[in-house]
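Enquirer: One structure, as structure tokens, below. Some questions next.
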Amino acid sequence: MTVIVDVETAKAAARALRKDLSARGVDLTHSAALELVAHQLGHRDWNTASALLAPGEEPPQLRAPVPVLRVLDGEVGREFYSQLGFELLWEHRFEPDLPLYQRLRRDEVVLDLSEHYGDGVPGTVVWVPVRDVRALHAELRPRLWAHQRPGLDQDAPGGPTFTVGDPYGNHLRFCQPAG
């Protein structure tokens, strides 16, 4: 499958469309084929598509969001999330006595922990899809604090799920989506 990211690829798709339709006895002008390709790409017309697909300009692309979780003590937050297998990527303070901001990662999940007032809201829930939630549950349960023993809800609406809460009321909801 070819991904259309520029004008030349879109024009090639229009030529291929004309050729395939012609082989089936359907005649189509090149202009009409360009309009159809533009519509398939989600644009209003060929002029709009060609302007947005101009060489050297890629359309905007959203990336995975990074949740910002409010913590009162970054060291305590980092210690808790390290128990869940997260590793520190970087940390930042503007000055030694100012709030700490950290970025953590485990596999494809990236979280920011912030001591800054106004960053995040304590009690935030982050839904995390997991390939094998039972294996993750078995891995994490022995590591968690004695008072936190999350059960595995087999009948949760999104699929088998368990939730872990950090010391500041934020929750990671691990779920194995169906299908």
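Enquirer: Taking the Cα centre of region 107-179 as origin, work out the dipole magnitude from +1 charges on Lys and Arg Cβ and -1 charges on Asp and Glu Cβ, in debye rounded to 20.
Expert: 340 debye
Enquirer: On to the next question. What's the longest bit of the chain with no exposed chymotrypsin sites (Phe, Trp or Tyr not before Pro), using DSSP loop states and at most 14 other Cβ atoms within 10 Å as the test? The partial results should precede the final answer.
Expert: Values: sites that count: 94, 117, 145.
Maximal segment without exposed cleavage sites: 1-93.
Enquirer: Give me the mean projected area, in nm² to one decimal, of the convex hull enclosing the Cα positions of the chain.
Expert: Details: hull surface 63.9 nm².
Answer in nm², one decimal: 16.0.
Enquirer: With axes computed from alpha carbons, what is the tilt in degrees of helix 74-83 against the longest principal axis of the chain, rounded to the nearest 10 within 0 to 90?
Expert: So the helix axis and the longest Cα principal axis differ by about 80 degrees.
Enquirer: Here's another thing I want to ask about it. Magnitude of the Cβ-charge dipole of the chain, K/R +1 and D/E -1, about the Cα centre, nearest 20 debye?
Expert: The dipole of the chain has a size of about 680 debye.
Enquirer: Roughly how large, in nm² to one decimal, is the mean projection of the convex hull of the alpha-carbon atoms in region 48-107?
Expert: The directionally averaged projection comes out at 7.0 nm².
Enquirer: Could you pull out the longest piece of the chain with no exposed loop trypsin sites (Lys or Arg not before Pro) in it, calling a site exposed if DSSP puts it outside H, G, I, E, B and it has at most 12 other Cβ atoms within 10 Å? Let's see the in-between values first.
Expert: Values: sites that count: 24, 44, 63, 131.
Longest gap between qualifying sites, sites excluded: 64-130.
Enquirer: Moving to a separate point now. In region 85-179, what GluC sites (Glu not before Pro) fall in a loop by DSSP, with at most 16 other Cβ atoms inside 10 Å?
Expert: Filter output for region 85-179: 108.
Enquirer: Next up: Considering only DSSP beta bridges where both residues belong to the chain, give the percentage that are antiparallel (nearest 5).
Expert: On the way: 17 of 25 bridges.
Bridges in the chain are about 70 percent antiparallel.
Enquirer: Return one number: the angle in degrees, 0 to 90 and rounded to the nearest 10, between the long axis of the Cα atoms of helix 7-23 and the longest principal axis of the Cα atoms of the chain.
Expert: Its long axis makes an angle of about 50 degrees.
Enquirer: Of the options 49, 69, 28, report the single residue whose Cα projects farthest towards the positive end of the charge dipole of the chain (beta-carbon charges: Lys, Arg +1; Asp, Glu -1).
Expert: 28
Enquirer: In whole percent, what relative contact order does region 44-179 give with Cα contacts below 8 Å and a gap of six or more residues? Write out the running numbers ahead of the final one.
Expert: Numbers: 208 pairs, mean separation 31.1, N = 136.
Worked out over region 44-179, it gives 23 percent.
Enquirer: Something else now. Can you tell me the FRET efficiency between residue 92 and residue 138 if r is taken as the Cβ-Cβ distance and R0 is 41 Å, rounded to the nearest 0.05?
Expert: 0.75
Enquirer: Measure nothing but the geometry: give the 0 to 90° angle between the long axis through the Cα atoms of 30-40 and the longest principal axis through the Cα atoms of the chain, rounded to 10°.
Expert: It is inclined by approximately 20 degrees.
Enquirer: Using Cβ contacts closer than 10 Å as the measure, can you line up 172, 28 from fewest to most?
Expert: 28, 172
Enquirer: Send over the Kirkwood Rh of region 7-52, from the inverse of the averaged 1/r over different Cα pairs, rounded to one decimal Å. Present the calculation step by step, with values, prior to reporting the outcome.
Expert: Working: mean 1/r = 0.0961 Å⁻¹.
It is 10.4 Å.
Taken together, the values in this text are just the output of simple stated rules run on the coordinates, not laboratory data. The shown structure was predicted, so the numbers you read here are calculated from the model rather than taken from an experiment. Methodologically, a virtual Cβ is constructed for each residue, glycine included, from the backbone with ideal geometry; neighbour enumeration extends over all protein chains shown.
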